[in-house]
Amino acid sequence: MSEYFEIDFLNVESKKSGDAIPLRYSIGGVPRIHVIDGGFQDTGDKVVEHIKCYYGNPRKIDAVIVSHPDGDHAGGLRTVLENFEVSTLWMLRPWLYVNELIHRFSRFSNVDNLTRRLKDIYPNIAALEKIAQAKGISINNPFQGAQIGEFTVLAPTMQRYLDLVVASEKTPEVLKELMEYILKQRQNQLKKTTSPSYSLVRAHWGQEIFSHEETSHENDMSIVQYGNLCGQNILLTADAGRKALTEAALYAWLTELPLQNIDHFQVPHHGSRRNVSTPILDLWLGPRLPVRFGEGYKKFNAIISASKEDADHPKKAVVRACIHRGARVVSTEKSDIRVSHNAPTRGWTTAPALPYPEDQEKN
């Protein structure tokens, strides 16, 4: 078979959205298989079966990439590591940097205690590390500039990652518990009302309203990857926030990687309004089109990993914003999604595009 690629965005079939992205490609006659995230722990079996069914029942996977520590991304990768020979696990582990970090924590003076604390905070990556070490799988650090097959890591830098670890951990446990309690009480109150937790407003073409809040520190740790396969530009963002996407864009510009010329765009964080903005989308995808084109018009694909049962994702504002820039937007809410070139046929049908929302969230 000549050069090809296929990237699968799997429906994790959960009440909450998650990411599980196996991919296969052949460049220069060299085939490779990557797995980027594995959804929740219950998703792991689906990822394994998908690879066996559609990727030729391989024994080996070239690269497993953990975009960030959240359970809806890292959980299912335990099953992947246990079922395949894995050449390299790409994963950031904060406890490797305790000597650089310890002076920034007033509550810790012992590196062993801080190491244990960080492993408690990030149990998913601690579990993956344990499996990898037991199986002799090498673990590499996917910081900015790292090359994972045909993909380049655009973010994060080590410095920003360490800053995020500190910012995340510094929140006192008592305050965390109080915040969780208040949030739970608020959610219970909202469930008793008939009105949603946000309201919608009718909007004209091109109008965009995004949240003033930023995404979590853990989401902003996400590994952002760029690849060019068979002449097509691919941007994989996981749950990256505005700071991560800005850092990634700057690195892309400095290294002369394409901006505003993306063919396949993974919409960050299941289509959240807290991860993107008009300037960032302009930077990566180009400015908004002046007028609304017909249904068949498409500059690029925008893929959203969202669960059908997740009422919070994707946000209408984000779907609108992608379409404003010429995207054909598809979602995993009803099925797995594949983008490909010259790949083996499967008999799959074309996923329906999400319609353009005439309204969007206003708060």
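Here, each number is a calculation from the coordinates, and none is a lab measurement. Note that the coordinates shown come from a computational prediction; the quantities given were computed from them, not determined experimentally. Positions of Cβ are generated from backbone atoms using ideal geometry, with glycine treated the same way; all protein chains shown enter the neighbour counts.
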Could you tell me which residue out of L81, V111, G29 lies farthest along the dipole of segment 1-128 toward its positive end? Charges go on the beta carbon: Lys and Arg +1, Asp and Glu -1, centred on the Cα centre.
V111
The chain pair-distance distribution - Cα-Cα, 10 Å bins, rounded %:
5, 24, 34, 25, 11, 2, 0
Percent of all Cα-Cα pairs per 5 Å bin for segment 1-119, counting from 0 up to the last occupied bin, reads 2, 11, 19, 18, 14, 11, 9, 7, 5, 2, 1, 0
Cut-off under 5 Å, modelled amide H: who pairs with N140 long-range:
L89, W90, M91
With θ set to phi - 60° and the Karplus curve 6.51 cos²θ - 1.76 cosθ + 1.60, what are the ³J(HN,Hα) couplings of segment 234-239 in order, to the nearest whole Hz, using x for Gly and Pro?
10, 10, 10, 10, 6, 10
Whole-Hz ³J(HN,Hα) for each residue in segment 47-59, computed from phi via Karplus 6.51 cos²θ - 1.76 cosθ + 1.60 with θ = phi - 60°, x for glycine and proline: what do you get?
4, 4, 5, 4, 5, 5, 6, 9, 10, x, 6, x, 8
Which entries in K15/K315; K16/K52; K46/K130 show an alpha-carbon gap greater than 18 Å?
K16/K52; K46/K130
The chain, relative contact order in percent, only Cα pairs under 8 angstrom and at least six apart counted:
19
Find the all-direction average of the projected area of the Cα convex hull for segment 68-117, expressing the result in square nanometres with one decimal place.
4.7
So, by mean Cβ neighbours within 10 angstrom, what's the order for 243-251, 27-35 with the highest one leading?
243-251, 27-35
CD proxy at 222 nm, helix term only [per DSSP H run n ≥ 4: -39500 (n - 2.57); per residue of the chain; nearest 500]
-9000 deg cm²/dmol
Convert each backbone phi in segment 334-341 into a coupling constant with the Karplus relation 6.51 cos²θ - 1.76 cosθ + 1.60 (shift: θ = phi - 60°), then list the ³J(HN,Hα) values in order as whole Hz, x for Gly and Pro.
10, 6, 5, 10, 10, 10, 7, 8
Gaussian network model of the chain, Cα springs within a sub-10 Å range: biggest mean-square fluctuation belongs to which of V12, V166, V153?
V166
